[in-house]
Amino acid sequence: MDISSLYLQIVFLVLLIALPILSKKVEHNLELFFLAMAVAGATLEGLWSWHLLKEALLHPVAVYQPGIGYIPIGITQVVLAAGLVFYALRHKMAEKADALARPAVIAGLIFGLGLSSSVISAVVAAAIMAELLGFANAPHAYKARAAVYGAFAIGAGAALLPIGEPLSTIAVAKLKQGFFFLVDVLFDAVFIIVAFFALYAYFSLKRLRQPGVEVVPYEPELKEVITRAVKIFIFIFALTILGEFFKPLAVAVAELGREYLYVFGLLSAVADNATLVAALVTPEMAVETLRSFIISLVIAGGLTIPGNVPNIVMAGVLKIGFKEWIKLALPVGIAVFIAIGIYVLWLVPRPIIHL
C-alpha cells in the first residue's frame, strides 16, 4: 500500500467520525453522508468493479451461505417486515407499554436476545428489541440508553453461529470449519459481554427511571416504516464499499501482531466488519488471534451507529442521533473493549470450552 493511499484512508476515517459530530445536517442525513464518502473513496482509489457493485447491492437484501449462495432474506426485508408486523399490532403493544419499560424486563430482553441472536440473526433480534423499546412507556433518553446496551449485546451474541451475522458466516466459510466452531472459540467472552450489558442496563436504567415523567406515545406510521427500510439499504450499501476501501489498511496492520490487530478492530466502528474478516481471516490464523480479532470487531462495532447492523436498526426505529449514540456508547464501550482485551489477549487467550 503506497503512502498516498494510507493518508487518504486516514483522512476518510477522521471525516467519517468527525463530520457527523460537527454538523447537524450530516448527522440528520447520516446514510447519505456515508454513501457519498463510500462513492468518493471507491472513485479516488479506482475500486469500482461489477463484483464490488454486485456485493454492495446484494448485502442489504440477501444473506450469503457457503455452498448455497445468496439467500434473498436480507436486512432490509427483515426490518421492513418487523416494522409492518408491529405497525399492525401497535394498539395491542401500546397496552404493554408500562411492562416494557421496566428495567428488569429490558435487562431480560438484552440477555435473551443477545444470546439468541446467533440463532434468529442479529437483524431479527435488533428489530424485535427496537420495536419493543419503541412502545415502552419511557422517555427518549431512557430508550436510547437501553438500545445502545442492547445493540452491544446483540452484536456480540450474533458472532457465535454462521447464521447470526455476515461476520461469522464469512469467518466459518474462510476457515472451513464446522457450524459450532465459533461457539467453541468465542462463547466465554461473548457470554461475559452479553451478561455485562444486561446487568449494566438494569442498574443504569433503574437509576434513570423517573415515574410520572411525561412520555410521547410511540405511534409508528406506515410511511416511516418504509422509509426506514430504504435508509437501511443505503447504509449497508455504503458500508460494504467502505469496507473494501479500508481493506488495504487492514492487511497492512495484520502483519504487526495480535495486540495491534485487536486495537485495529476499532475500525469496525465505521467500516463493515464482515469485509474486515474477509480481508484478514485465513485458515493459517492462530486460534487466539482469531478469537481476539473477532471479539475486538463486535465490541468496537457498538461504538457508533454505522458500526453494526443492530445499531443501525435501533437508531432508525428510535431516532437516536450519531452524537447521542457516541455519548452513550463510548464510555462504557471503551471500558469493555479494554477489559475484554486484557481477558482475551493475556488472561484467557485460548478457548476454554471444547465441543
Item to check | Pair GLN177, LYS96: separation of 7 Å Cα→Cβ label points (nm) | outcome: 3.6
Item to check | Sequence-distant lysines (8 or more away, or on other chains) whose Cα lies within less than 24 Å of LYS174 | outcome: LYS54, LYS247
Checklist outcome for this item: Scalar couplings 3J(HN,Hα) for the range 265-279 by Karplus 6.51 cos²θ - 1.76 cosθ + 1.60 (θ = phi - 60°), nearest whole Hz, x for Gly and Pro, are x, 4, 4, 4, 5, 10, 10, 5, 5, 5, 5, 5, 5, 4, 6
Checklist entry - Could you give the nm distance between label points at LEU57 and ALA141, where each point is 7 Å from its Cα heading toward the beta carbon? => result 4.6
Item to check | Under 11 Å, Cβ to Cβ, from ILE21 - net charge with Lys/Arg +1 and Asp/Glu -1 | outcome: +1
Next on the checklist: I'm spelling it out carefully: the read-out is Cα extents along the principal axes in Å, the candidates are (1) 66, 47, 39; (2) 58, 44, 40; (3) 72, 40, 33, and one was derived from this structure. Which label?
Outcome noted: (2)
Checklist entry - Between the range 143-166 and the range 82-140, how many Å separate their Cα centres? => result 13
Checklist entry - Among SER204, SER268, which comes first, then next, by fewest other beta-carbon atoms within 10 Å? => result SER204, SER268
Checklist entry - Where a Cα-Cα gap under 21 Å defines reach, which lysines qualify for LYS223, not counting those fewer than 8 residues away within the same chain? => result LYS92, LYS231, LYS319
Checklist entry - Amide H to amide H under 5 Å from VAL63: which residues, 5+ apart in sequence or cross-chain, H placed 1.01 Å off N in plane? => result ILE71, ILE73
Checklist outcome for this item: The rounded separation in angstrom of the Cα centers of the range 301-315 and the range 7-71 is 14
Checklist entry - Which order, highest average first, do 223-233, 271-281, 192-202, 112-122 follow once you tally other Cβ atoms within 10 Å for each residue and take the mean per peptide? => result 271-281, 112-122, 192-202, 223-233
Checklist outcome for this item: With a 21 Å threshold on alpha-carbon distance, the violating pairs from LYS96/LYS323; LYS25/LYS327; LYS96/LYS143 are LYS96/LYS323
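Where a number appears in this text, it was derived from the coordinates with a stated rule and is not lab data. This is a predicted model, so every value here is computed, not measured. All Cβ positions, glycine included, derive from the backbone under ideal geometry; neighbour counts span all protein chains shown.
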